[in-house]
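J.: Sharing a structure with you now.
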């Protein structure tokens, strides 16, 4: 079709319909190819789920799921690596949110990822270390990159992993892919923070501000196998958003978290408080939400001053939050 279009004069009556048909055909091919890639990615994630034991993870890890902040999990690269000092064989998997090192109890020979992901492969892998999140890693070439030994370093918080590939080309591939994935993760988080900051900075059009202190929550729903949760709260008013720190292993967190919102419309603005369980490998679990119209805060303050409230969480069987609300309206300009 492309050749027909190229040899059709610009002023020919069929020129326009041919161009439109070509664009639609290319769009369809792109959709089909994307579907094939998604299916292959899903199949490989399912293979990893059934062949990698993840008991050492902080939480239950479902590979073929949404990530915490990057959308669907994608397998970007995989293959065999070696520890430099011991030459121990490791099988590495690079996802769009973390880097995973595993090892096999028995030696396994594979000429490439296709053989590794074969349905006939009965290899069982164990986590060598807990997953390394890509917003916390730094990948580096050795001090002498011209060396014939294909080494590279992965730094994670206070530890450095020195790994070796079988060829220099493989090293280059691993370094480039880890670096690109890490940069994408960090950039995504940065844009999210900037968006929240910009929304909180819109003071000029406001008629006042609402000071909020979320003191604590009680009797939250348990999410972890030990009967606890890692809860945090998210407060929003329109596009303005604040997030508290998570508190580990408790159903009764004490946050004492302070923030302020700029009020634009006294009778339309609503403060929303949502409590979540902090997860690392999947979207955070919902632990309840509650809403407070700003107009009700004004009415209560007229008689009582700053409002201290106990708010029940909705859409969950149990849970409540204790907050202090102080509404301050600006003096009208003369």
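The values are calculated or read from the model by the stated rules, or taken from the named source; none is laboratory data. Bear in mind the structure is a predicted one, so any value in this text is a computation, not a measurement. Note that we place each Cβ from the backbone using ideal geometry, even for glycine, and neighbour counts take in every protein chain shown.
J.: Within the range 143-158, track down each residue that is at pLDDT 90 or above and under 14 Å from residue 132 (Cα atoms).
T.: 153, 154, 155, 156
J.: May I pose another question? Using the structure shown, decide if residue 188 is farther than 21 Å from residue 280 by Cα and either surrounded by 15 or more Cβ atoms within 10 Å (Cβ to Cβ) or at pLDDT 90 or above (or both).
T.: Answer is no for this residue.
J.: Moving on to the next point. What do you reckon, is residue 110 surrounded by 15 or more Cβ atoms within 10 Å (Cβ to Cβ), under 21 Å from residue 40 (Cβ atoms) and modelled with pLDDT under 90?
T.: Judged against the criteria, residue 110 is a match.
J.: Can you tell me which residue in the range 300-333 is surrounded by the fewest Cβ atoms within 10 Å (Cβ to Cβ), limited to those that are touching a helix residue (DSSP H, G or I) at 6+ places or on another chain (Cβ under 7 Å) and at pLDDT 90 or above?
T.: Looking at the filtered set, the residue picked out is 325.
Let's see how each residue does on (1) under 30 Å from residue 127 (Cβ atoms); (2) in contact with a strand residue (DSSP E or B) (Cβ under 9 Å, 6 or more places away or on another chain); (3) modelled with pLDDT under 90; (4) surrounded by fewer than 15 Cβ atoms within 10 Å (Cβ to Cβ):
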{"site": "27", "(1), (2), (3), (4)": "no, no, yes, yes"}
{"site": "31", "(1), (2), (3), (4)": "no, no, yes, yes"}
{"site": "37", "(1), (2), (3), (4)": "yes, no, yes, yes"}
{"site": "44", "(1), (2), (3), (4)": "yes, yes, no, no"}
{"site": "48", "(1), (2), (3), (4)": "yes, yes, no, no"}
{"site": "55", "(1), (2), (3), (4)": "yes, yes, yes, yes"}
{"site": "61", "(1), (2), (3), (4)": "yes, yes, yes, no"}
{"site": "64", "(1), (2), (3), (4)": "yes, yes, no, no"}
{"site": "67", "(1), (2), (3), (4)": "yes, yes, no, no"}
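J.: Considering only residues that are outside any loop (DSSP other than H, G, I, E, B) and under 20 Å from the mean Cα position of the chain (by Cα), which ones fall in the range 241-259?
T.: Scanning the range 241-259 gives 241, 242, 243.
J.: For the range 126-222, which fully contained strands (runs of 3 or more DSSP E) count at least 3 residues that are touching a helix residue (DSSP H, G or I) at 6+ places or on another chain (Cβ under 8 Å) and touching a residue at least 40 places away in the same chain (Cβ under 8 Å)?
T.: Ranges flagged: 137-140.
J.: Looking at the range 260-296, which of its residues are over 25 Å from residue 189 (Cβ atoms) and not in a strand (DSSP E or B)?
T.: 264, 265, 266, 267, 268, 269, 294, 295, 296, listed by residue number.
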